[in-house]
Amino acid sequence: MLANFAVSCSLLAALSVPAFSEDAAGHHHGEAEHVSELGGVRIVHAWTRATEDEEALVFFELENGSDKTVTLIGGESEAASAVALVGIDFKGGEAKLVPLPQVPVKPGSELHLDPESLALQLTGLTAPLKQGDVVEVEVQLDLGHLDVDVEVEAADAKGHSHAGHSH
Amino acid sequence: MPELLLDYWQDLAPATQDAVILVLLLLPAILTGLFVTAGYRPLALVRSLLWRYRWTNLMFVALIAVSVGLGVGLTAQERGLRQGTARAAEKFDLIVSAPGSEITMMFAAVYLQPSDVPLLDGAAYDKIATAENVELAAPIAFGDSFEGSPVVGTTPQFVEHLTGALTEGQMFARPGEAIAGAAVDLAIGAEFTPAHGSGEGADHEAHAGATTRIVGKMAATGSPWDKAILVPVEAVWEVHGLANGHAPERADQIGPPFDPDYFPGTPAVLVRAEALWANYALKSEFTTDKTMAFFPGAVLSRLHSLMGDIRQVMSLMAVVTQVLVTAGVLTGLVVLVRLFSRRLALLRALGAPRRFVFAVVWSYASVLIAAGALLGLAAGFAASGIISAEISRRTDILVEASLSWPEFHLIAGFVSLTVFLALLPALLSLNRPVIPDLRS
């Protein structure tokens, strides 16, 4: 009887402790999901750079495996006051962020958000981003919202640490 | 409080931030000067010292100028090259080609460096030209040349996109007509026969009979296209014995639309979209196993960031050189102070306060440093101008090196550090015994 009670208690304890810790700023410190999927559309390898600033750029690969054009519009996050789609324009030799209304992705195509082309810009970050953190961002597509775990890489990172892996 | 200051700092215009940094960097030099010379007027004596030992002084100034010029020239040159290459690529929004190396294709299509690359076929071109939001899809067919000038086949729309209105003459309207870049040494009406290939391996007989006449001149672009001769892409195909891109019933047409069945192929297509966002959509659409799409600006930025790493190493070397020269100059000053130790001893014997002698020696050293730094600024500017002109001549990319804030900051930091260190020879001069120096 006592043994059964002990087992029940430990099971209950195990269930009540989350697999990762999460704070109010929408960050958590644990295993991130590398793939998010909605109606045949996948977002993989979402990442950003560690920063003390109030702004950060989020990059990922969007794979449109559906049979219709999907439009990337922007996003939302508890970790930032605003999330907007921006283009990184290199005219004149200097990188300049240009707000974009949307980017459509044809069926079977991939859209790469990377430091040389496109990003989701988080502004008004509620807390500094530290390497190893995971930020939750809700990516807004015309067909709905997709929850994405954005991994915080080093401040000078040039890509996701899993880039090149297939999921 | 620091956050408030940081916010205030971030709200300032970049030029104001740079000006503030410059003042802050110069501040130690100004404060040292005010402190050392307070209550005295050492300049008359400094002037006579400068004149008395003018050749030695000139050598010190020249040494400082060379080390400062090296640092200034390096940063100005690197920036000029970065801006020049970026400006030359500005008109090339998106390039679509057969899969391969983005860098090779960028050098070939944007900077017209000869390269053997696979071709995109008519179906691929048609898909690009008819894609949503495409404003311009111009084939860029390179491979031929005339006396060092690449002969590039394209469309009238591309010429307009590249340079706007022609400075002279008119647009090509048929095969056998060409538009010359601003730096091509061919006048309107001049005739030439393109060679197959470029450089020493070019076959000058391959296109015998394909005489082409210059009918217009493009405005200068500051890019290798200034040295190019642009012809209708139909002419390039025809001289190679291929179909001319149009069905037989429209064989006389120049420019789009092209018929995919009669389209022999093109190494690259310049794509321009109606809106910026559409460029990203098109890049995504044409990144397939049969086509490669890239932004030349982004590829260039990757190269620039590599250059930036090299620049950091070179800047560090320049700073090390400056420090070494400064150490040498300061050691030299200590020796120089010995040279005029008798005069200083005489001053002391006449009743000049020790601090006045200190002010004279420090001011003397500071004038040499400031003169060397200013001369170095001019020398660096002149040197980078000469090197820029040579790079422009060799690459046809307009490189303009100009002085900007980083150079002024570098010099301000150098002056502040060295005039502070110049307190050392001034201090040493005070420790010299007056009587033996008077007798020496």
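The values are calculated or read from the model by the stated rules, or taken from the named source; none is laboratory data. Since we're looking at a predicted model, the values are computed, not measured. In this analysis, Cβ positions are derived from the backbone assuming ideal geometry, glycine residues included, and neighbour counts consider all displayed protein chains. For the accessible areas, the whole protein counts, side chains as well, though only heavy atoms, and no ligand, DNA or RNA atoms are used. Shrake-Rupley method; radii C 1.70, N 1.55, O 1.52, S 1.80 Å.
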- prompt: Amide H to amide H, which residues 5 or more places from residue B:151 or on other chains are under 5 Å from it, using H placed in the peptide plane?
  reply: B:143, B:144, B:145, B:146, B:229
task: Express the relative contact order of chain B as a whole percentage, based on alpha carbon pairs under 8 Å and six or more residues apart in sequence.
output: 29 percent
- prompt: What is region B:184-234's relative contact order, in percent, from Cα pairs under 8 angstrom and six or more apart in sequence?
  reply: 37 percent
Long pairs among A:106/A:158; B:227/B:283; B:127/B:217; A:68/B:283; B:127/B:290, criterion Cα-Cα beyond 20 Å: A:106/A:158; B:227/B:283; B:127/B:217
message: With only alpha-carbon pairs counted, each pair once and no self-pairs, how large is the Kirkwood hydrodynamic radius of chain B in angstroms?
response: 26.3 Å
message: Output wanted: per-residue J couplings in Hz (rounded whole) for region B:112-123, from phi through Karplus 6.51 cos²θ - 1.76 cosθ + 1.60, θ = phi - 60°, x for Gly and Pro.
response: 6, 8, x, 7, 8, 10, x, 9, 8, 8, x, 5
query: How much length is gained on full extension from residue B:56 to residue B:24, taking 0.36 nm per residue of separation minus their Cα-Cα distance?
result: 8.3 nm
Per-residue HN-Hα couplings for region B:245-259 [Karplus 6.51, -1.76, 1.60; θ = phi - 60°; Hz; x = Gly/Pro]: x, 10, 5, x, 6, 10, 4, 8, 5, 10, x, x, x, 9, 8
Choice from B:176, B:39, B:328 with maximal GNM fluctuation in chain B (Cα, 10 Å cutoff): B:39
message: Placing one identical point scatterer on every Cα of region A:26-153 and ignoring solvent, what is log10 I(q)/I(0) from the Debye formula at q = 0.16, 0.19, 0.23 Å⁻¹?
response: -0.73, -1.02, -1.41
message: Kirkwood hydrodynamic radius, computed over distinct alpha-carbon pairs, for region B:4-162: how many Å, to one decimal?
response: 22.6 Å
field: Within region B:94-294, percent of DSSP bridges classed antiparallel, to nearest 5
entry: 75 percent
field: Size of charge dipole - the protein assembly as shown - debye, nearest 20, with Cβ of Lys, Arg +1 and Asp, Glu -1, no other charges
entry: 5540 debye
field: All lysines inside 16 Å of residue A:91 as judged from Cα atoms, apart from same-chain residues fewer than 8 positions distant
entry: B:91
- prompt: Rounded to the nearest 100 Å², what is the sum over both chains of accessible area buried where A meets B, with a probe of 1.4 Å?
  reply: 1700 Å²
statement: The long-range amide H neighbours of residue B:273, using H built 1.01 Å from N in the peptide plane and a cut-off of under 5 Å, are B:135
- request: Mind listing, in residue-number order, the residues in region B:260-284 that have at least 40 Å² less accessible area with every protein chain present than in their own chain alone (1.4 Å probe)?
  value: B:276, B:277, B:280, B:284
query: Say the dipole of chain B comes from +1 at the beta carbon of Lys and Arg and -1 at that of Asp and Glu; which of B:235, B:306, B:179 then lies farthest toward its positive end?
result: B:306
Accessible surface of the protein assembly as shown, 1.4 Å probe, proportion on carbon and sulfur as whole %: 60 percent
- request: Treating only the Cβ atoms of Lys and Arg (+1) and Asp and Glu (-1) as charged, compute the dipole magnitude of region A:26-153 about its Cα centre; round to the nearest 20 debye.
  value: 460 debye
query: Can you list the HN-Hα couplings for region B:294-307, worked out from phi with the Karplus curve (6.51, -1.76, 1.60; θ = phi - 60°), rounded to whole Hz and with x for Gly and Pro?
result: 8, 8, x, x, 6, 5, 5, 4, 4, 5, 5, 5, 5, 4
message: Eigenvalues of the Cα gyration tensor times 5, then square-rooted: what semi-axes does that give for region B:310-440, in whole angstrom, largest first?
response: 41, 13, 12
field: Average accessible area per residue (Å²) across the protein assembly as shown - probe 1.4 Å, nucleic acids and ligands excluded
entry: 49 Å²
Listed residues B:291, B:16, B:418, most fluctuating in chain B (Gaussian network, C-alpha, under 10 Å): B:16
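Just the ratio, please: alpha-carbon radius of gyration of the protein assembly as shown over 2.2 N^0.38 Å, N its number of residues.
1.31
Among rounded, prolate and oblate, which fits region B:76-202 when a ≥ b ≥ c are the square roots of the eigenvalues of its C-alpha gyration tensor, a/c under 1.5 means rounded, and a/b larger than b/c means prolate?
Numbers: a/c = 1.28, a/b = 1.11, b/c = 1.15.
Since a/c stays below 1.5, the shape of region B:76-202 is classed as rounded.
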- prompt: So in chain B, what percent of DSSP beta bridges are antiparallel if you round to the nearest 5?
  reply: 75 percent
statement: Connecting every pair of Cα atoms under 10 Å apart in chain B and solving the GNM, the largest mean-square fluctuation among B:14, B:194, B:406 falls on B:14
query: Per-residue ellipticity at 222 nm for chain B, helices alone: DSSP H runs ≥ 4 residues times -39500 (n - 2.57), over residue total, nearest 500 deg cm²/dmol?
result: -18500 deg cm²/dmol
field: Residues along region A:102-141 losing 10 Å² or more of accessible surface when the other protein chains are present rather than the chain by itself (probe 1.4 Å)
entry: A:102, A:103, A:104, A:106, A:109, A:110, A:111, A:116, A:117, A:118
task: Please list, in chain and number order, the residues 5+ apart from residue B:113 or on another chain whose amide H is under 5 Å from its amide H, with Hs placed from the backbone.
output: B:108
Estimated dipole of region B:247-313 in Debye, rounded to 20 [Cβ of Lys and Arg +1, of Asp and Glu -1, Cα centre]: 440 debye
